[in-house]
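See structure below.
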Amino acid sequence: MPSTTMSVNRLELLKFMNSGDLDANGHHTGMTGLIGEPLAVGLILHYLRQKHPDAACVSMKVTTGAKKGPRLDAWIYDGQGKLYQTEIKMWGGNAIGGVYLAPDTSKEKLREIGQRQWHRWIWDQENTKFQEALVQKVLTRMKLPDGYEREKYRVEPLLCLWWLVHPDDTDTSWTTVPLPQDSPLPQESPFKQVHVFSLTRYLMSLTDDVLHLELPLLGQRFAWLDRIFPDPSTT
């Protein structure tokens, strides 16, 4: 699908989303609406391509095939026969339940905060499910994108969160969470596990100040902005 490779300042991004900088107040909702999902996809690809260079975003349209019902945000191919039906939540540090993070926070403190966030806001441990329907929908089986057959690809759910979350006590940005298989309810998820990717934790684990990311749709959005708000010197 159409993508543009762009340079992203890792530290400025973390500052904007997580630091509580007063200059960012009032801009998070608008900015994440414009750049959030392409940015998340770009970071997922950046992570996957460290092991599998052929990882790619297949589509930004993910539905059950019905006109109504749950929608997700992206189909992502891992480069080795697996398709992730992906839900993205770009809640920043200023959101309800969010936390502000200093760039020098220790790994031990990050893990402590991440586990607290996971159990307080994301995962219902007693009922082994996500707390919010807007997140739980990632476990609904989606219709494969055109040209992909279920017999050839293994489909698994991926929840991508901006928030720092640690589903277990490991020091990782990508965690695989097992799902219960003994529920008698027919509407329960058909999946055995769900993958959880924390963008904040991933960005804080990197050392490069500037990342070069493949960002689907963002180039077209910026091109429309240029058309709507042309440079006065060229008109």
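Mind telling me which of the residues 64, 32 ends up being surrounded by 19 or more Cβ atoms within 10 Å (Cβ to Cβ) and of a type in the set (Ser, Thr, Tyr)? Can you show your working first?
Details: 64 fails: surrounded by 19 or more Cβ atoms within 10 Å (Cβ to Cβ).
Residue meeting the stated conditions: 32.
Could you please give the count of residues in region 14-26 that are closer than 19 Å to residue 99 by Cβ and open to solvent by 20 Å² or more (accessible area, probe 1.4 Å)? Reasoning before the result, please.
We begin by selecting, within region 14-26, every residue closer than 19 Å to residue 99 by Cβ; these are 14-22, 24-25.
Those still in the list that are open to solvent by 20 Å² or more (accessible area, probe 1.4 Å) too: 14-16, 19-22, 25.
Of the residues in that region, 8 qualify.
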#### Entry: Of all residues making up region 19-60, the number that are modelled with pLDDT under 95 and touching a Leu at 6+ places or on another chain (Cβ under 8 Å)
1
## Note on the structure
Result of the Cβ filter at 7 Å on region 128-153, keeping first residues that are open to solvent by 60 Å² or more (accessible area, probe 1.4 Å) and partners that are among the aromatic types (Phe, Trp, Tyr), at least 6 apart or interchain, is 131/121; 131/123
### Query
Among the candidates 203, 164, 213, which residue alone is in contact (Cβ under 8 Å) with a residue 60 or more places away in the chain, touching a Ser or Thr at 6+ places or on another chain (Cβ under 8 Å) and either of a type outside the set (A, V, I, L, M, F, W, C) or not in a loop (DSSP other than H, G, I, E, B) (or both)?
213
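Do any strands (runs of 3 or more DSSP E) entirely within region 3-107 hold 2 or more residues that are within 21 Å of residue 208 (Cα to Cα) and in contact (Cβ under 8 Å) with a residue 12 or more places away in the chain, and if so, which?
Strands (runs of 3 or more DSSP E) meeting the threshold: 3-9.
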### Query
When both residues are 6+ apart or on different chains and their Cβ atoms are under 9 Å apart, which pairs have a first residue that lies in region 111-122 and is within 14 Å of residue 161 (Cα to Cα) and open to solvent by less than 90 Å² (accessible area, probe 1.4 Å), and a second that is assigned to a helix (DSSP H, G or I) and not hydroxyl-bearing (Ser, Thr, Tyr)?
114/201; 122/135
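The values are calculated or read from the model by the stated rules, or taken from the named source; none is laboratory data. Fair warning: this is a prediction, and the values are worked out from it, not measured in the lab. Methodologically, a virtual Cβ is constructed for each residue, glycine included, from the backbone with ideal geometry; neighbour enumeration extends over all protein chains shown. The protein model used for the area step is the full one, side chains on, heavy atoms only, and it has no ligands, DNA or RNA in it. Shrake-Rupley method; radii C 1.70, N 1.55, O 1.52, S 1.80 Å.
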